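The values are calculated or read from the model by the stated rules, or taken from the named source; none is laboratory data. Keep in mind that this is a model prediction, so the values were computed, not measured. Here the Cβ positions follow ideal geometry from the backbone for every residue, glycine too, while neighbour counts run over all protein chains shown. Please note that ligands, DNA and RNA were not included when accessible areas were found on the heavy atoms of the full protein model with its side chains. Shrake-Rupley method; radii C 1.70, N 1.55, O 1.52, S 1.80 Å.
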Amino acid sequence: AHSVCFTTEEERMLAKKTFKPYCINDVVTGLGVSDPPEKKDVQLQTIFSCFPEFKNKRVLLYLGRFHPKKGVDLLINAFLKQSKKEEILLLAGPINHSDNHVKYLQNLSLKNKNKIFWSDMIKGDMKWGALRMADALILPSHQENFGMVVAEALSVGTPVFLTNKVNLWREVIDFGAGIVANDDQKGVDHLVQEWVLNAHQSCLKNTLKCFHEKLHISQTVKKILTILPDGECM
């Protein structure tokens with residue numbers, strides 16, 4: 001192959017440990033997300049119309065599936081131990097009671113308290129409103145190929161809290177756009193504690209820079225075009 005493309009630096013590094021012999025021209029091109037949709041006011045109005053209790057509160061957002069690999073159980077444990085009175089955890093994702101993880105989901109819901117809000121899958125203005133409204137996004141996964149929602153959060157200026165099993169973590173750290181920890185209870189406890197302490201405030205100024213320079217679809221296109229042999233992109 002002329003080149004083998006990877007979506008993140010972590011993915012490229014992991015491949016070296018997976019395939020033998022490993023003798024390729026590896027290039028990190030990224031995956032890429034387009035600009036967020038406009039109409040910020042409409043998006044915020046949509047989320048607050050469904051969750052009026054979120055106004056004037058600090059909201060930590062989890063947006064994704066409820067699957068054991070996502071580490072939501074660690075997140076709930078950490079949040080219940082460390083969060084303050086005016087802080088809320090929003091868990092937004094598809095809830096499928098017919099899949100193989102019903103027991104896992106039921107155990108999570110038993111830990112539900114007044115400060116934890118559950119939402120089914122959200123999309124469109126509701127999703128973008130949640131990303132804009134949230135004080136930060138958290139993704140405590142044990143494995144994540146890319147983490148598209150991370151790029152989406154950064155695209156609207158929302159800092160991110162990740163485990164080092166979300167393959168975008170190196171890009172986030174390089175730009176100072178979020179905080180990273182291990183994918184165990186101690187690590188997720190640290191992420192929530194840092195959020196409670198507002199440690200991510202210094203990351204706000206770096207979120208859009210990270211998105212535009214590393215995660216925007218235009219950057220991916222440019223990189224792919226530079227590695228194609230002359231004439232092959234026609």
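Taken as Cα centroids, segment 34-97 and segment 1-26 sit 35 Å apart, rounded to the nearest whole angstrom. For His216, the residues whose amide H sits under 5 Å from its own are Val33, ignoring neighbours fewer than 5 places away on the same chain, with H placed 1.01 Å from N.
Here's the picture: charge each Lys and Arg Cβ at +1 and each Asp and Glu Cβ at -1 in segment 1-80, and of Pro52, Leu80, Ala1 the one pushed furthest to the positive end of that dipole is Leu80. Rounded, prolate or oblate: pick one for segment 137-198, where a ≥ b ≥ c are the square roots of the eigenvalues of its C-alpha gyration tensor, a/c under 1.5 means rounded, and failing that, prolate if a/b is larger than b/c, else oblate. Oblate, because a/c is 1.5 or more while a/b does not exceed b/c. Structural descriptor for the chain: relative contact order 24 percent, calculated from alpha carbon pairs under 8 angstrom and at least 6 residues apart. On a per residue basis, segment 111-234 carries 45 Å² of accessible surface, using protein heavy atoms and a 1.4 Å probe.
Would you mind checking the pairs Lys103/Lys205; Lys16/Lys222; Lys39/Lys69; Lys40/Lys214; Lys115/Lys223 and listing those with alpha carbons more than 32 angstrom apart?
Checking Cα-Cα distances, Lys103/Lys205; Lys39/Lys69; Lys115/Lys223 exceed 32 Å.
The charge dipole of the chain, taken about the Cα centre with unit charges on the Cβ atoms of Lys, Arg (+1) and Asp, Glu (-1), comes to about 600 debye, rounded to the nearest 20.
Taking 0.36 nm per intervening residue step and subtracting the Cα-Cα distance, what contour gain separates Asp35 from Leu225 on full extension? Spell out each step's value before the answer.
On the way: separation 190, 0.36 × 190 = 68.40 nm, distance 2.02 nm.
So the chain would gain 66.4 nm between Asp35 and Leu225.
With R₀ set to 25 Å, the beta-carbon distance separating Asn56 from Trp118 gives a calculated FRET efficiency near 0.75. In a fully extended conformation the segment linking Ser49 and Val27 would gain 3.5 nm over its present Cα-Cα distance, using 0.36 nm per residue.
Taking other residues whose beta carbon is less than 13 angstrom from the beta carbon of Leu44, and scoring Lys, Arg as +1 and Asp, Glu as -1, yields +2. Taking every DSSP beta bridge with both residues inside the chain, roughly what % is antiparallel (nearest 5)? If I count the DSSP bridges inside the chain, around 0 percent turn out antiparallel.
Run the accessible area of the chain with a 1.4 Å probe and give the carbon-and-sulfur part as a rounded percent.
It is 53 percent, rounded to a whole number.
Based on the mean of other Cβ atoms within 10 Å per residue, sort peptides 207-213, 10-16, 150-156 so the most packed one is first. Spell out each step's value before the answer.
On the way: 207-213: 18.4, 10-16: 15.7, 150-156: 25.1.
My ranking of the peptides, most packed first, is 150-156, 207-213, 10-16.
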